């Protein structure tokens, strides 16, 4: 089973996660994947809320960026970074689990 996982995940960028989980059971990987899906949903919601706040502030290109705009950018970067880990977990698991 371990060898199959490495074949499935050959094109994944987050190789450290693949190696870390190479000897873990499907059950453990599913638990981690469900947690990552829930976290991703939370991060998406946060980025969306911060986007709305930043848009309400109506950032002007001639001014310094607002704290709200920077907070939105940071949240979006965090969301996309976590999405890469989630994608890796989904590819290792080979399916999308029920959440």
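Quick check on residue 15: is it at pLDDT 95 or above, out of contact with any helix residue (DSSP H, G or I) (no Cβ under 7 Å at 6 or more places or on another chain), closer than 17 Å to residue 84 by Cβ and exposed (fewer than 14 other Cβ atoms within 10 Å of the Cβ)? Walk me through it before giving the result.
On the way: at pLDDT 95 or above: no; out of contact with any helix residue (DSSP H, G or I) (no Cβ under 7 Å at 6 or more places or on another chain): yes; closer than 17 Å to residue 84 by Cβ: yes; exposed (fewer than 14 other Cβ atoms within 10 Å of the Cβ): yes.
So residue 15 does not fit the description; no.
Any idea how many residues of the stretch 20-45 are surrounded by 12 or more Cβ atoms within 10 Å (Cβ to Cβ), touching a helix residue (DSSP H, G or I) at 6+ places or on another chain (Cβ under 7 Å) and outside any helix (DSSP H, G or I)?
Of the residues in that region, 1 qualify.
Among the listed residues 54, 75, identify the single one that is at pLDDT below 95, farther than 19 Å from residue 32 by Cβ and part of a helix (DSSP H, G or I).
Working: 75 fails: at pLDDT below 95.
One residue alone meets the criteria, 54.
Just to be sure, is residue 48 farther than 30 Å from residue 15 by Cβ and either touching a helix residue (DSSP H, G or I) at 6+ places or on another chain (Cβ under 7 Å) or assigned to a helix (DSSP H, G or I) (or both)? Even if it seems obvious, please write down each step before you answer.
On the way: farther than 30 Å from residue 15 by Cβ: yes; either touching a helix residue (DSSP H, G or I) at 6+ places or on another chain (Cβ under 7 Å) or assigned to a helix (DSSP H, G or I) (or both): yes.
Here the answer is yes, as residue 48 does meet what is asked.
The values are calculated or read from the model by the stated rules, or taken from the named source; none is laboratory data. Computed from a predicted model, the values in this text were never measured in an experiment. Cβ coordinates were reconstructed from backbone atoms using ideal geometry, including for glycine residues, and neighbour counts include every protein chain displayed.
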